[in-house]
1. Taking only the range 67-114 into account, find how many residues are of a type in the set (Lys, Arg) and outside any helix (DSSP H, G or I).
2. Which condition from (1) outside the structural domain of Thr8 (by TED's automatic domain parsing); (2) more than 20 Å from the chain's Cα centre (by Cα); (3) in a helix (DSSP H, G or I) is the one that Ala58 breaks?
3. Can you give me the number of residues within the range 3-31 that are closer than 24 Å to Cys102 by Cβ, over 14 Å from the mean Cα position of the chain (by Cα) and free of Cβ contacts under 8 Å to residues at least 40 places away in the same chain?
4. Out of Ala47, Ala19, Ala54, Ala72, report the one residue that is of a type outside the set (Phe, Trp, Tyr) and buried (at least 20 other Cβ atoms within 10 Å of the Cβ).
5. I'd like to know if the range 264-281 contains one or more residues that are of a type in the set (S, T, N, Q) and outside any helix (DSSP H, G or I).
6. For Ser92, which of the numbered conditions (1) buried (at least 21 other Cβ atoms within 10 Å of the Cβ); (2) in contact with a Lys or Arg (Cβ under 8 Å, 6 or more places away or on another chain) fails to hold?
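The values are calculated or read from the model by the stated rules, or taken from the named source; none is laboratory data. The model shown is predicted, which means the values in this text are computed figures rather than measured ones. Note: ideal-geometry Cβ built from the backbone for every residue, glycine included; neighbour counts use all protein chains shown.
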Amino acid sequence: MPDIALITDSASDLDARLAADAGIEIVPIDVRLGDLGPDQVRSLTPADFWQRCASGGAVPETSAPSPGSFHAAFLRARDRGCTGVVCVTISSSLSATYQAACNGAQEAAGEIEVAVIDSRSASLGLGMAALDGARRAAGGGGLEEVCGAVRDHLARTSIFGVLDTLEYLRRGGRIGAAQAVFGSLLSIKPVIQLRDGEVVAESKQRTRSRSIRYLVERVAKLGPLERLGVVHAAATDDDLALLLDLVGSLEVAQAPIVGDFGPVIGAHTGPGTLALCAVQPPA
């Protein structure tokens, strides 16, 4: 068992089995959907979540985990025999989760050493960094080495996405600098970027297919990639097929990870969102 435990939050969009195989514990961010509380929402598959959003008309709401949730996760790592924890969270500009983790780490002071990293990222950009850290820990890396690997991975990560609408970002207040550029043009198919932890405008496209093609063209400009995550929120079969076909032209050292936006990120991006989380190789 590694000496260093890796912990992240559910905004990482890591598949539960993939996280378990890597030894990563996921602290859930709370999501409420109408009359459904966090525990009920967590039991839904992504497909069920989006079906309920469409049929019920309720707007999903998210809230950060409590510091106690992180404190408990840190103590579980201690009880497994770990000497330290690296906890990587969603960008602090998008959620109070990072602060909750820091508070949980303070509670654990004297019980286990904890390093909390603000990823300035989200979804598989966050998730793949946690996987990289877990691999370094499994190889015997200490706390500082694992932190260094995670931070280096995050520095090489870029995230671009295609939204079907800006309405979900608008409702959740996460639209950031994109608001000034896109304004009220809700009929366009916007391409966004997560830059330094915030959502910013990348491009305005008039058709869905053109926005997907632009997304891949933008990532192709990064050059050969070390890793690639493909994430979607209830995208149509045609849209996902087009994206995966275009992604096949990219030069990626490892097979891409394809996953679903969970309720945490999906609550703010909306159905139909497609994203690429690209990791460039070390310089």
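1. Restricting attention to the range 67-114, the residues satisfying the condition of being of a type in the set (Lys, Arg) are 76, 78, 80.
Subset that is outside any helix (DSSP H, G or I): 80.
Adding up the residues that qualify gives 1.
2. Status for Ala58: all satisfied but (3).
3. Kept after step one, since they are closer than 24 Å to Cys102 by Cβ, are these residues of the range 3-31: 3-14, 19, 22-31.
If we keep only those that are over 14 Å from the mean Cα position of the chain (by Cα) as well, we get 3-6, 22-25, 30-31.
When the remaining residues are screened for being free of Cβ contacts under 8 Å to residues at least 40 places away in the same chain, the result is 30.
Of the residues in that region, 1 qualify.
4. Numbers: Ala47 fails: buried (at least 20 other Cβ atoms within 10 Å of the Cβ); Ala54 fails: buried (at least 20 other Cβ atoms within 10 Å of the Cβ); Ala72 fails: buried (at least 20 other Cβ atoms within 10 Å of the Cβ).
Only one candidate qualifies: Ala19.
5. If we filter the range 264-281 for residues that are of a type in the set (S, T, N, Q), which is where we start, we get 269, 273, 280.
In the following step, the residues that additionally are outside any helix (DSSP H, G or I) were identified as 273, 280.
Looking for residues that are of a type in the set (S, T, N, Q) and outside any helix (DSSP H, G or I), one finds at least one in the range 264-281, hence yes.
6. Looking at each condition in turn, Ser92 falls short on (1).
For every residue, the table says whether it meets (1) charged (D, E, K, R); (2) surrounded by fewer than 23 Cβ atoms within 10 Å (Cβ to Cβ); (3) under 30 Å from Phe160 (Cβ atoms); (4) over 15 Å from the mean Cα position of the chain (by Cα).
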{"position": "Arg76", "(1), (2), (3), (4)": "yes, yes, no, yes"}
{"position": "Gly81", "(1), (2), (3), (4)": "no, yes, no, yes"}
{"position": "Val85", "(1), (2), (3), (4)": "no, no, no, yes"}
{"position": "Gln99", "(1), (2), (3), (4)": "no, yes, yes, yes"}
{"position": "Ile112", "(1), (2), (3), (4)": "no, yes, no, yes"}
{"position": "Gly125", "(1), (2), (3), (4)": "no, no, yes, no"}
